[in-house]
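Peer 1: After the structure tokens below, expect a handful of questions from me.
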Amino acid sequence: MLTWQTERLQELAVEENGYVVTVRPELVVEIAYDGLQKSSRYPAGVTLRFARVVRYREDKRPEEADTVETLLSAHPGVKP
């Protein structure tokens with residue numbers, strides 16, 4: 001799966017600056033995580049604790065994916 005994931009994300013890449021690769025929003029990924037915490041490192045102001053890829057959702061379109069706002073509303077105690 002890692003080989004496929006790397007190849008697919010490289011196909012979707014629109015910008016690279018060393019550490020960050022920006023991709024076109026065309027791939028929906030289901031992520032499992034153990035918690036959410038405030039973080040100054042990421043633009044959204046939060047990070048997922050122990051995040052891991054569960055599967056790629058070919059049955060979902062990008063506009064059907066949850067947003068950061070949806071995630072934050074599910075965790076009302078965490079404010080960025």
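Peer 1: Using only the Cα atoms of the chain, what do you get for the radius of gyration and for Dmax, in Å?
Peer 2: 13.8, 37
Peer 1: Which net charge results when you count Lys and Arg as +1 and Asp and Glu as -1 among the other residues whose beta-carbon is under 15 Å from that of Leu36?
Peer 2: With Lys, Arg at +1 and Asp, Glu at -1, the net is +2.
Peer 1: Accessible area per residue of the chain at 1.4 Å probe, in Å²?
Peer 2: Accessible area per residue: 81 Å².
Peer 1: How would Arg41, Arg8, Arg49 rank on accessible area, largest to smallest, probe 1.4 Å?
Peer 2: These residues rank, largest area first, as Arg41, Arg49, Arg8.
Peer 1: Next up: On a 0 to 90° scale, report how tilted helix 2-12 is relative to the longest principal axis of the chain, with both axes built from alpha carbons and the result rounded to the nearest 10.
Peer 2: It works out to around 90 degrees.
Peer 1: For the chain, state which GluC sites (Glu not before Pro) are in a DSSP loop and have at most 12 other beta carbons lying within 10 Å of their beta carbon.
Peer 2: Answer by residue number: Glu26, Glu58.
Peer 1: Computing the accessible area with a 1.4 Å probe over protein heavy atoms, can you report the carbon and sulfur percentage for the chain?
Peer 2: In the chain, the share of accessible area belonging to carbon and sulfur is 51 percent.
Peer 1: Tell me the label-point distance for the pair Val20, Leu71, using the 7 Å Cα-to-Cβ offset, in nm and rounded to one decimal.
Peer 2: 1.5 nm
The values are calculated or read from the model by the stated rules, or taken from the named source; none is laboratory data. Bear in mind the structure is a predicted one, so any value in this text is a computation, not a measurement. Heads up, the Cβs are rebuilt from the backbone with ideal geometry, glycines too, and the neighbour counts pull from every protein chain shown. Ligands, DNA and RNA are excluded from the accessible area calculation, which covers all protein heavy atoms including side chains. Shrake-Rupley method; radii C 1.70, N 1.55, O 1.52, S 1.80 Å.
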